[in-house]
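Below is one structure, written out as structure tokens; comments come after it.
The values are calculated or read from the model by the stated rules, or taken from the named source; none is laboratory data. Bear in mind that the values here come from a model prediction, so they are computed numbers and not experimental data. Please note: Cβ atoms are built from the backbone with ideal geometry, for glycine as well, and neighbour counts cover all protein chains shown. The protein model used for the area step is the full one, side chains on, heavy atoms only, and it has no ligands, DNA or RNA in it. Shrake-Rupley method; radii C 1.70, N 1.55, O 1.52, S 1.80 Å.
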Amino acid sequence: MGFARPGATRQNGCMAYEFERKQRIAVLGGGPGGYEAALAGAQLGAEVTLVERSGVGGSAVLTDVVPSKSLIATAEATHSIGEAGDLGVQFFSRGENGRPVRPEVAVNLEAVNDRLLRLAKQQSEDMKSQLIKAGVTVVQGDGRLDGSNRVVLSAGRGRARTDFDVIDADTIVVAVGASPRELPAAQPDGKRIFTWKQLYSLDALPEHLIVVGSGVTGAEFASAYNVLGSEVTLISSRDQVLPGEDADAARVLENVFKRRGMHVLSKSRADRVEVTDDGVVAHLADGRTVEGSHCLMAVGAIPNTAGIGLEEAGVQLTESGHIRVNRVARTSVPSIYAAGDCSDFMPLASVASMQGRTAVFHAMGDAVFPTEMRNITSNIFTQPEIATVGWTQKQIEDGIAQGEIYKLPLSSNPRAKMMGIKDGFVKLFARTGSGTVIGGVIVAPKASELILSIALAVEHRLTVDQLARAFSVYPSLAGSITDAARAMHIVN
Ligand SMILES: Cc1cc2nc3c(=O)[nH]c(=O)nc-3n(C[C@H](O)[C@H](O)[C@H](O)COP(=O)(O)OP(=O)(O)OC[C@H]3O[C@@H](n4cnc5c(N)ncnc54)[C@H](O)[C@@H]3O)c2cc1C
């Protein structure tokens with residue numbers, strides 16, 4: 001089925017699209033990918049139905065981004081109190097004999113978890129209201145594809161039949177996300193061994209948390225629980241934490257972890273995790289064992305693409321089960337698009353949203369800017385944070401990109417000194433010859449907020465001289481970005 005590009009007329013300064021009949025879009029999954037696709041469809045005047053089996057906002061809102069970043073906000077507050085002494089802040093109360101007593105900083109994890117689950121629920125409800133307000137029909141249920149233009153809902157035990165059991169659509173956007181990978185020899189039970197989705201049921205800080213997996217998720221939780229006051233052992237199968245990330249950034253983080261008392265076991269593969277009477281034991285491949293009170297398994301995610309009719313509809317999957325998409329999120333079947341973690345793009349909420357929107361704009365003939373993998377900004381919410389954009393140092397060193405590298409430690413930044421920041425740097429990559437900014441890395445508190453200027457430079461192909469001409473506030477951490485750009489000046 002196809003349809004002609006709609007005629008467009010301008011009304012009150014807005015483009016209004018007149019279709020011969022409304023285009024019908026079915027969206028499977030209500031995480032950031034599905035949510036944005038649905039909103040974009042409604043904005044362009046389509047009839048949109050979104051099928052979601054648990055809650056609008058998806059894993060991003062209910063179990064992944066929102067809860068984890070709220071937990072990390074508490075960790076940051078705890079960290080600030082802990083470090084305040086360096087800036088001359090003293091906390092004490094008077095004991096019975098009038099002498100000062102140093103109070104202990106304690107974290108009420110039950111209250112923290114209540115707060116973050118409340119935030120997540122509220123955010124999910126807000127997003128659902130936004131969809132309904134925009135005119136999207138939100139259907140609760142488990143959906144699958146029946147061919148390339150139809151979504152059907154599973155009957156499900158006790159579920160009443162509705163008008164939406166079969167949804168015919170001109171375009172389908174699959175945005176079903178991914179789930180934590182589980183190892184048979186370390187089965188999460190939600191009591192002693194956890195996936196990241198189960199951690200929020202803890203009502204007290206684990207005495208000793210073993211984190212298996214030192215990728216982004218493992219590193220973020222290890223960092224947060226360490227700062228909150230748990231003893232933490234991070235088991236990493238590689239020779240450094242955060243494999244695949246900027247090596248200097250990973251090194252800074254690993255040093256910070258060790259300085260804070262975290263046990264980092266590199267080149268150590270956990271083969272098996274066993275629950276004991278009062279805790280857990282992780283068995284490493286080399287025969288060593290690690291005892292702890294609880295264990296978080298953070299060993300990756302698998303896409304939720306099995307058994308939902310994708311192959312039958314002709315949609316190509318990768319070996320790992322991810323849906324192959326192009327830069328406008330279109331699959332091998334023209335009427336089917338895929339956004340977010342179920343696709344073979346980058347597993348980030350921001351990317352899922354962009355893909356969802358791009359997919360619908362493309363399907364409806366609106367102007368589209370294909371998603372450029374190279375320009376995607378990402379952040380690791382450890383303390384300090386690690387933000388990156390563009391080409392990497394490894395790609396430059398391997399000759400995949402031609403570039404110059406300049407690294408400026410934050411120890412030379414006046415604001416960092418005033419704030420007592422001990423670790424971090426700004427690194428810029430610029431094209432050899434032209435000086436065009438092609439990437440960067442920031443390791444700093446709130447690096448996620450600082451990276452935007454480098455992301456803008458990468459997106460708009462600014463040169464280091466153009467970046468350097470922008471005024472940064474004095475004193476500011478952002479000053480290190482313009483300082484690095486100045487140092488990379490291209491002599492004409
Ligand atoms: C701990 C953690 C922290 C993270 N932090 C960040 C961060 O800070 N920033 C960031 O950008 N990214 C972060 N991510 C990644 C981010 O969570 C994902 O990239 C994002 O959730 C992807 O969105 P999505 O729309 O693809 O899928 P999801 O958010 O997973 O949503 C998919 C939805 O589809 C539904 N669904 C699945 N199958 C069906 C079906 N058959 N029928 C109906 N509904 C179905 C599910 O119920 C779910 O609600 C984090 C991930 C983790 C694990």
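Work out how much length Ser412 to Ala111 would gain on full extension: take 0.36 nm times their residue separation and subtract the Cα-Cα distance, in nm to one decimal. Show your work: numbers first, answer last.
On the way: separation 301, 0.36 × 301 = 108.36 nm, distance 3.94 nm.
Gain in length upon complete extension: 104.4 nm.
Given a 1.4 angstrom probe, I'd like the percentage of the accessible area of the range 247-371 that is carbon and sulfur, rounded to a whole number.
Details: 2850 of 5690 Å².
C and S fraction of accessible area: 50 percent.
Taking a 1.4 Å probe, which of Trp196, Trp391 shows the most accessible area, and what order do the others take after it?
On the way: Trp196 30, Trp391 55 Å².
The residues order as Trp391, Trp196, largest area first.
With all protein chains present, calculate the accessible area of Val491 using a 1.4 Å probe and round the result to the nearest 10 Å².
Using a 1.4 Å probe on the heavy atoms, I get roughly 120 Å².
Which links in Lys394/Lys427; Lys394/Lys417; Lys69/Lys121 stretch past 18 Å when you go from one Cα to the other?
Too far apart for the 18 Å limit: Lys394/Lys417.
I need the shape label for the chain. Rule: rounded when a/c is under 1.5, else prolate if a/b > b/c, else oblate, with a, b, c from the alpha carbon gyration tensor. Could you put the intermediate results ahead of the total?
Values: a/c = 1.81, a/b = 1.28, b/c = 1.42.
It is oblate, given that a/c is not under 1.5 and a/b is not larger than b/c.
Tell me, which longest segment in the chain has none of the GluC sites (Glu not before Pro) that fall in DSSP loops with at most 12 further Cβ atoms within 10 Å? Could you put the intermediate results ahead of the total?
Values: sites that count: Glu20, Glu96, Glu104, Glu312, Glu319, Glu372.
The segment 105-311 is the longest one with no such site.
Which value in deg cm²/dmol, rounded to the nearest 500, describes the helix-derived mean residue ellipticity at 222 nm for the chain, given -39,500 (n - 2.57) per DSSP H run of n ≥ 4 and division by the residue count?
Details: 13 runs with 141 residues, N = 492.
Per the formula, -8500 deg cm²/dmol.
Can you pull the accessible area of Phe345 for me, 1.4 Å probe, Å² to the nearest 10?
My reading of the accessible area for Phe345 is about 30 Å².
If contacts are Cα pairs under 8 angstrom and at least 6 residues apart, what is the relative contact order of the chain in percent? Working shown, then result.
On the way: 1059 pairs, mean separation 67.6, N = 492.
Over the chain, the number comes to 14 percent.
Quick check: with the 1.4 Å probe, what order do Leu228, Leu348 take by accessible area, largest first? Don't skip to the end; give the middle numbers.
On the way: Leu228 10, Leu348 45 Å².
Ranked list, largest accessible area first: Leu348, Leu228.
Filter the cross-link list Lys133/Lys446; Lys197/Lys407; Lys197/Lys267 down to pairs whose alpha-carbon distance in this structure exceeds 29 Å.
Values: Lys133/Lys446 34 Å; Lys197/Lys407 37 Å; Lys197/Lys267 26 Å.
With Cα atoms farther than 29 Å apart: Lys133/Lys446; Lys197/Lys407.
Can you give the translational diffusion coefficient of the range 23-152 in µm²/s, computed by Stokes-Einstein from the Kirkwood radius over Cα pairs at 37 °C and 0.692 mPa s?
Numbers: Rh = 17.8 Å.
Answer from the Stokes-Einstein relation: 184 µm²/s.
Which of rounded, prolate, oblate describes the range 243-282, given a ≥ b ≥ c as roots of the alpha-carbon gyration tensor eigenvalues and a/c under 1.5 marking rounded, otherwise prolate only if a/b is larger than b/c? The partial results should precede the final answer.
Values: a/c = 4.25, a/b = 1.94, b/c = 2.18.
Note, shape of the range 243-282 comes out oblate.
What are the residues whose amide H is under 5 Å from the amide H of Ile490, where those residues sit 5 or more places off or on another chain and H is modelled from the backbone?
Distant-sequence amide H within range of Ile490: Asp465.
Whenever you get a sec, line up Thr289, Thr137 from highest to lowest accessible area (probe 1.4 Å, protein heavy atoms).
On the way: Thr289 80, Thr137 50 Å².
The ordering from most to least exposed comes out as Thr289, Thr137.
Provide the solvent-accessible area of Asp286, counting protein heavy atoms only and rolling a 1.4 Å probe, rounded to the nearest 10 Å².
Accessible surface of Asp286 is approximately 100 Å².
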